[in-house]
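Only one structure is covered here, and it is reproduced in the block below.
The values are calculated or read from the model by the stated rules, or taken from the named source; none is laboratory data. Values in this document were obtained by computation on a predicted structure and should not be read as measured data. Heads up, the Cβs are rebuilt from the backbone with ideal geometry, glycines too, and the neighbour counts pull from every protein chain shown.
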Amino acid sequence: MSNYIAIIVIFFYSIAILSYFCTKFYVMLQRVQSVYMFTAFVLTAFYAYLGYLGLIYPNCLKYTVFGGLTAFIIIVNIFLFNKRKLQVKLNYLAIFVLIVLLGLSIYQNGFLSGEKQFSEKDIKLLVPVISIVLLLIANKYIKRDERLVKSVDRIR
């Protein structure tokens, strides 16, 4: 029960920290891609925390490292709203790290446990997949913003 309370506390602390930085540095969080990236950040930070607790796989620190690295890349990426090309590249880097994390999870789950079929308990495999989809959607909106800025510059 205390693990769930700790997860909720971490979630609210991350929202508080993000809102502090937004008011301090006037970050444009009304953009749709920022919402998608923040949701991916919360999911990967949650995944990293579960890896730290050993709830994903016991004695496997690699899930914490890869999940924490991805969460760090995504949260830094949110604040780079003026550099859209760099945002796209960092999103692709985060997607690559998530694919590696997903591959490690599938390898650990399928081959090392001796099972050939996935069970209902393996919902933990969905967190990297959902984060990858959210980052791809965010990239779509970032590219749309880039096209809009180029078209406005062309008019001037």
Exercise. Do any residues in the range 139-156 that are within 17 Å of Ser34 (Cα to Cα) have Cβ atoms under 7 Å from those of residues that are at pLDDT 85 or above, where the two are at least six apart or on different chains, and which pairs are they?
Worked result: Asn139/Val88; Asn139/Asn91; Ile142/Gln87; Ile142/Val88; Lys143/Val88
Seminar exercise, completed: Considering the range 134-146, residues that are surrounded by fewer than 15 Cβ atoms within 10 Å (Cβ to Cβ) and modelled with pLDDT of 85 or more, and then whichever is nearest to Asn82 (Cα to Cα), we arrive at Arg144
Exercise. What is the one condition in (1) modelled with pLDDT of 65 or more; (2) in contact with a helix residue (DSSP H, G or I) (Cβ under 8 Å, 6 or more places away or on another chain); (3) part of a helix (DSSP H, G or I) that Val35 does not satisfy?
Worked result: (2)
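For the structure I just gave you, tell me whether Leu80 is surrounded by fewer than 16 Cβ atoms within 10 Å (Cβ to Cβ), at pLDDT 80 or above, in a loop (DSSP other than H, G, I, E, B) and among the hydrophobic types (A, V, I, L, M, F, W, C).
On the way: surrounded by fewer than 16 Cβ atoms within 10 Å (Cβ to Cβ): yes; at pLDDT 80 or above: yes; in a loop (DSSP other than H, G, I, E, B): yes; among the hydrophobic types (A, V, I, L, M, F, W, C): yes.
Spelling it out, Leu80 is indeed surrounded by fewer than 16 Cβ atoms within 10 Å (Cβ to Cβ), at pLDDT 80 or above, in a loop (DSSP other than H, G, I, E, B) and among the hydrophobic types (A, V, I, L, M, F, W, C).
With the structure loaded, tell me whether Ser113 is closer than 25 Å to Ala48 by Cα, assigned to a helix (DSSP H, G or I), modelled with pLDDT under 85 and among the small types (Gly, Ala, Ser) or whether it fails that test. Even if it seems obvious, please write down each step before you answer.
Working: closer than 25 Å to Ala48 by Cα: yes; assigned to a helix (DSSP H, G or I): no; modelled with pLDDT under 85: yes; among the small types (Gly, Ala, Ser): yes.
Answer is no for this residue.
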Seminar exercise, completed: The lone condition Ile56 fails out of (1) surrounded by 20 or more Cβ atoms within 10 Å (Cβ to Cβ); (2) at pLDDT 75 or above; (3) among the aliphatic types (A, V, I, L, M) is (2)
